[in-house]
There are 4 protein chains.
Amino acid sequence: MTHWSEVEQSSAYVKVLDHGFVGLVDVMGDDSSIVQAARTSYGKGTKSVSEDRGLIRYLMRNFHTSVFEMIEFKFHIKLPIFVMRQHVRHRTANLNEYSGRYSVMTDEFYIPEQHRLQSQSVLNKQGSGAQLGGAELEAVHDLIKHMSTESYKSYLALINDPQSEDYWPMDGRQGLSRELSRIILPQNNYTECYWKIDLKNLLHYIRLRADSHAQWEIQEFARALAQFVKAQCPIAFEAFEDYMEHSMTISRLEKNLLQDVIKSSNQAGISFEECYYIMKQSADNLAVTYGMSKRELTEFETQWQLTAS
Amino acid sequence: MTHWSEVEQSSAYVKVLDHGFVGLVDVMGDDSSIVQAARTSYGKGTKSVSEDRGLIRYLMRNFHTSVFEMIEFKFHIKLPIFVMRQHVRHRTANLNEYSGRYSVMTDEFYIPEQHRLQSQSVLNKQGSGAQLGGAELEAVHDLIKHMSTESYKSYLALINDPQSEDYWPMDGRQGLSRELSRIILPQNNYTECYWKIDLKNLLHYIRLRADSHAQWEIQEFARALAQFVKAQCPIAFEAFEDYMEHSMTISRLEKNLLQDVIKSSNQAGISFEECYYIMKQSADNLAVTYGMSKRELTEFETQWQLTAS
Amino acid sequence: MTHWSEVEQSSAYVKVLDHGFVGLVDVMGDDSSIVQAARTSYGKGTKSVSEDRGLIRYLMRNFHTSVFEMIEFKFHIKLPIFVMRQHVRHRTANLNEYSGRYSVMTDEFYIPEQHRLQSQSVLNKQGSGAQLGGAELEAVHDLIKHMSTESYKSYLALINDPQSEDYWPMDGRQGLSRELSRIILPQNNYTECYWKIDLKNLLHYIRLRADSHAQWEIQEFARALAQFVKAQCPIAFEAFEDYMEHSMTISRLEKNLLQDVIKSSNQAGISFEECYYIMKQSADNLAVTYGMSKRELTEFETQWQLTAS
Amino acid sequence: MTHWSEVEQSSAYVKVLDHGFVGLVDVMGDDSSIVQAARTSYGKGTKSVSEDRGLIRYLMRNFHTSVFEMIEFKFHIKLPIFVMRQHVRHRTANLNEYSGRYSVMTDEFYIPEQHRLQSQSVLNKQGSGAQLGGAELEAVHDLIKHMSTESYKSYLALINDPQSEDYWPMDGRQGLSRELSRIILPQNNYTECYWKIDLKNLLHYIRLRADSHAQWEIQEFARALAQFVKAQCPIAFEAFEDYMEHSMTISRLEKNLLQDVIKSSNQAGISFEECYYIMKQSADNLAVTYGMSKRELTEFETQWQLTAS
């Protein structure tokens, strides 16, 4: 498996987590490829669209996504297995992974830093919350490290590696096959892969995986990938940030409510906020009136600064 | 090829356009399948999510799309070739189409009704505008009909069909192969297919193809498909309408502007609209200030009823 | 739409059929990319595989196909619509096609050359047979050409193109929208696209579409694509020819029969052929004995030169 | 997570390995669906293909694979994570997996039975060889079991589960979040999923994963899946066995050699085997003559019983 020291000199590689990395191995196309493909679709009809930046932003804004498939990236990525398990769910990519059936697995394991040793979130069933404190922090850190070390020792013993510390005191031992020995390795063990994906699907990946609801470790990989995209296709990436990553989707229900508040504000000549609270008091249950769940109404209020005393 | 008269008795078939149809041949799963899949992903952790409807709406709202892949529909569709050419771009579906290499093509052609004989849109480079008038309407209709008839006559002549009106006055004629003869048939000729797709991708299809920017003819097919979805998965379909089909996406730029108008309205105690026009007048160019194109600002004003005199 | 004269100077373009072409616009990777990806999968375990050519051939022979996904081609293709309809069925590719909703369609139509004006095959329900003769050949050729010309004239009339020969003698005419006018154009009208695909899927395309059972016109495109692959990845392409394109698949049934003939030949010390005929005569029905259809036995005999007098 | 005892009464579930299972949750279509789709493609042209079995076998034999996409299976599968990692590479399936971010992972781990505790294969870099013997066998078994137990104890301690044996002697402990705690669990820990796939891709899966080169554990799952396919689509499955699973592919090189031996046998009137050895002796290097590697020639000899003294 590739060690960070073998690639750190290359400007195409960035380190991620304690032993992982993302390297841009090859790329096909840039912002101009999007324009080229779009002009083919539109043919002579678009001669009036004079500026490439405007065209790219228009395409992103209107979800004409197929033109963004015309750019292809190939990355070399080293990542913990539990991150790989999320990574591989993006089915539109091409992937070649290091094989633990053919080769010996690395002794590198992801050990979270202190700031990442967080308790279960109380709000989010799938997330992490506050950082652990004092003694627990230390104990948790030590236990993760200890289990990683112990697992690797056992792995070396199973394959009967000559460098195993637990050299077995048995004559004629053969070692268990690699494909079986690896099954005791924990999911913070590192693996690596070549990963090839087009820009449209890569942006979709970044949107999902750099999001705060994703596990923090894969966010780190998504952010590293994003830097390469930004450098290669700066216009498309800015359009992505404006129209996709940092856009918001308003449901039919929220749209109805927002429009009603604005309309009432205009008609009554009072502020947006004041108007909202009048509507809320006069309704039996504003959420129900607009078909929302209680949570949706709370999120609506947070979004539009309606959390007044 | 299947004629409408062969399927019209079946409640699983609805007619679309003049000779086309959509029939639901088979289906696997319903709303409960979404819940089943979701509860597997969430395991014991979600016992507190007590209500199926709430869960389905939550999943749709938060783009947990993979659970919607667990329902599968199979349709029998008859459609003009130019619609088929758009239909087939949805690559996640399975498709078996009638083959004009094996079999003789039908003599059915799509002839648009009067309301659909529209001029080129002046606003939308890819769309249709006002209905044609009087003499032109009639001439256009007749020409489409005439070319369809003439093409089919020529097709029968090419394959040397015994029922061809243009029976060729030549001895020993053999007829051109079907795979070549069909190339002169126009794209309003009908074809048919079996088409299988999961709910997630079918909803994506409906969102794109029932949209007013799609060609009207494929909209008709999308609306027919939607009726079958609505009957099979009423809760998921309503959630789709609320959170996807009739939702709106607000770009980072628009969000910034909207929030600023609301905040100013609240601070100054004046109406949303009044506040907006003060901001617009005091800025050199409000669109530029917020990074928008002129068109985006116009759309913003239309959306939020800021089109005052 | 791009005319051949605009690209014919470029060595990256080859002409196909009368007005079509295939151009290699961009490519990512070559034979060495396959080796690079394979060595990652195999890690340290494959240091003994010393030679790249041997490794590539080994991978092809053993269907380790994912490494062939690491090379990506982007083509610019101009092709008749009936070929496009077959082309687009390859769902793993990325595609941007010229849009007849935005832009005026070209006046170029595929008119088959004389050698391609063939009658329906008597053996193959989906294929073409012998070339048509004399008067029929000429009549067929003229009819295809005539219908193409007439269709385009009608198209120009429908969109009310100022250069239409059939300038309409009506005041205030507007022209039918492009998206509707195009529906009368026959399927030998040309379209064009950008098409991006990885090597694995491109080889699969070539295998299916350069095959003699495919329609001859798409074979021509497949052969043009193959030339670019051969130039870019000569080792992988040769391996493809040896192990896939020109390989043969022998069913369990045929394998059993072939092995039995060889074994009997060895035991009896007589020739393969002689042995086969003894077996055939002594069996009631050799096809049934081996679970084959009559057609399969005939193909077996053809394959192994058992068609003796 | 679902325990075997909860599903073992159901005839739709079969046990796989020590704690895993495969259950058929839902299915759409059977052999008749293949015929239905095929007859649509072929239309009136195939009225002469009278028999369904013959048609299905014809379609399989000639790789008309799209009709096999018209049948859909949905399975409920419980499997070790290292098998899941191979399973998920089949990108054409739909998948919902149990989430270790939301829910507590199970205490079930795959512990190989004695016959599966094999040494590294000497022939196959990715495979297993002879069963381990005596003391080593026992030590290996105990170590895998020990590490599984220890890992789960540590996991419970990390999430601060009240039932943890290693109840931590610390005040105010909170427990590490589930998404982080799980990273120390080894890859023989069980997970479960809903998995939906069409027949074509399922047969491809079975072909690759029931093959002797696949890891034995996933073979067991592939064989369980195959039983459900066989019961649901017996004709298609038999065709699959005859024309795909137990077929053999002969390269261009092998085909050339095989044909030459047969031709020589016929011409000289001597047996196949005798003829082969004459050819081998008279050639400098028969492998090189036919463009084969040494290994390919050896495999050729094994295949055709040419391993005589």
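The values are calculated or read from the model by the stated rules, or taken from the named source; none is laboratory data. From a predicted model like this one, the values you see are computed outputs, not experimental measurements. FYI the Cβ positions are ideal-geometry reconstructions off the backbone, even for glycines, and counts take in every protein chain you see.
To keep it simple, each residue is scored yes or no on (1) closer than 23 Å to residue C:4 by Cβ; (2) at pLDDT 95 or above; (3) among the aromatic types (Phe, Trp, Tyr).
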{"residue": "C:95", "(1), (2), (3)": "yes, yes, no"}
{"residue": "C:102", "(1), (2), (3)": "yes, no, yes"}
{"residue": "C:110", "(1), (2), (3)": "yes, yes, yes"}
{"residue": "C:120", "(1), (2), (3)": "no, no, no"}
{"residue": "C:143", "(1), (2), (3)": "no, yes, no"}
{"residue": "C:157", "(1), (2), (3)": "no, no, no"}
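With respect to the conditions (1) surrounded by fewer than 22 Cβ atoms within 10 Å (Cβ to Cβ); (2) within 22 Å of residue D:85 (Cβ to Cβ), residue D:182 falls short on a single one, namely (1). Quickly run through the stretch B:135-154 and pick out the residues that are over 30 Å from the mean Cα position of the chain (by Cα) and either acidic (Asp, Glu) or at the interface with chain C (Cβ under 9 Å from one of its Cβ atoms) (or both). Passing the criteria: B:135, B:150, B:154. Of all the numbered requirements in (1) out of contact with any helix residue (DSSP H, G or I) (no Cβ under 7 Å at 6 or more places or on another chain); (2) under 24 Å from residue A:292 (Cβ atoms); (3) aliphatic (A, V, I, L, M), residue B:203 misses one, and that requirement is (1).
Just a yes or no: is a residue in the stretch C:63-76 facing another protein chain (nearest Cβ under 10 Å), of a type in the set (Asp, Glu) and farther than 24 Å from residue A:77 by Cα? Within the stretch C:63-76, none of the residues are facing another protein chain (nearest Cβ under 10 Å), of a type in the set (Asp, Glu) and farther than 24 Å from residue A:77 by Cα.
Tell me which residues, restricted to the stretch A:260-275, are more than 7 Å from chain B (Cβ to nearest Cβ) and within 17 Å of residue B:274 (Cβ to Cβ). Walk me through it before giving the result.
Narrowing the stretch A:260-275 to residues more than 7 Å from chain B (Cβ to nearest Cβ): A:260-261, A:264, A:267-268, A:274-275.
Listed by number, the residues that qualify are A:261, A:264, A:267, A:268, A:274, A:275.
Just to check your reading of the model, which residue among D:79, D:59 is buried (at least 22 other Cβ atoms within 10 Å of the Cβ), touching a strand residue (DSSP E or B) at 6+ places or on another chain (Cβ under 7 Å) and more than 22 Å from residue B:71 (Cβ to Cβ)?
Values: D:59 fails: touching a strand residue (DSSP E or B) at 6+ places or on another chain (Cβ under 7 Å).
Unique residue meeting the criteria: D:79.
Of everything in the stretch A:242-259 that is under 17 Å from residue A:200 (Cα atoms) and within 7 Å of chain B (Cβ to nearest Cβ), the residue that is surrounded by the fewest Cβ atoms within 10 Å (Cβ to Cβ) is A:246.
Here's the yes/no breakdown for (1) in the same structural domain as residue C:73 (by TED's automatic domain parsing); (2) of a type in the set (Ser, Thr, Tyr):
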| residue | (1), (2) |
| --- | --- |
| C:226 | yes, no |
| C:234 | yes, no |
| C:238 | yes, no |
| C:259 | no, no |
| C:270 | no, no |
| C:282 | no, yes |
| C:286 | no, no |
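Annotation note: of A:65, A:40, A:92, the sole residue that is polar (S, T, N, Q) and touching a Lys or Arg at 6+ places or on another chain (Cβ under 6 Å) is A:65.
Residues are listed down the side, and each one gets a yes or a no for (1) touching a Ser or Thr at 6+ places or on another chain (Cβ under 9 Å); (2) within 30 Å of residue C:124 (Cα to Cα):
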{"residue": "C:154", "(1), (2)": "yes, no"}
{"residue": "C:176", "(1), (2)": "yes, no"}
{"residue": "C:185", "(1), (2)": "yes, yes"}
{"residue": "C:195", "(1), (2)": "no, no"}
{"residue": "C:199", "(1), (2)": "yes, no"}
{"residue": "C:208", "(1), (2)": "no, yes"}
{"residue": "C:214", "(1), (2)": "no, yes"}
{"residue": "C:226", "(1), (2)": "no, yes"}
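In this entry, residue C:150 is excluded by the filter for residues that are of a type in the set (D, E, K, R), touching a helix residue (DSSP H, G or I) at 6+ places or on another chain (Cβ under 9 Å) and assigned by TED's automatic domain parsing to the domain that holds residue C:51. Close contacts from the stretch D:208-220, counting a first residue that is in contact (Cβ under 8 Å) with a residue 24 or more places away in the chain and a second that is outside any helix (DSSP H, G or I) and surrounded by fewer than 18 Cβ atoms within 10 Å (Cβ to Cβ), with Cβ to Cβ under 8 Å and a gap of 6+ residues or different chains, come to D:213/D:124.
Only a single criterion out of (1) touching a Gly at 6+ places or on another chain (Cβ under 6 Å); (2) within 14 Å of chain C (Cβ to nearest Cβ) is not satisfied by residue A:121, namely (2).
Applying the criterion of being closer than 26 Å to residue A:185 by Cβ and at pLDDT below 90 to the residues of the stretch D:164-197, the residue that is farthest from the other protein chains (Cβ to nearest Cβ) is D:165.
So that you can scan it fast, the table gives a plain yes or no per residue for (1) of a type in the set (A, V, I, L, M, F, W, C); (2) in the same structural domain as residue C:13 (by TED's automatic domain parsing); (3) closer than 26 Å to residue B:217 by Cβ:
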position	(1), (2), (3)
C:70	yes, yes, no
C:80	no, yes, yes
C:138	no, no, no
C:144	yes, no, no
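For residue B:267, the stated conditions do not hold, so it cannot be described as within 18 Å of the chain's Cα centre (by Cα) and of a type in the set (S, T, N, Q). Within the set A:267, A:259, A:305, A:281, the sole residue that is over 30 Å from residue A:55 (Cβ atoms), touching a residue at least 12 places away in the same chain (Cβ under 8 Å) and of a type in the set (S, T, N, Q) turns out to be A:305. Within the stretch C:21-43, residues that are on the phi > 0 side of the Ramachandran plot and more than 10 Å from every other protein chain (Cβ to nearest Cβ) reach no partner that is assigned to a helix (DSSP H, G or I) and at pLDDT below 95 with beta carbons closer than 7 Å at six or more positions or on different chains.
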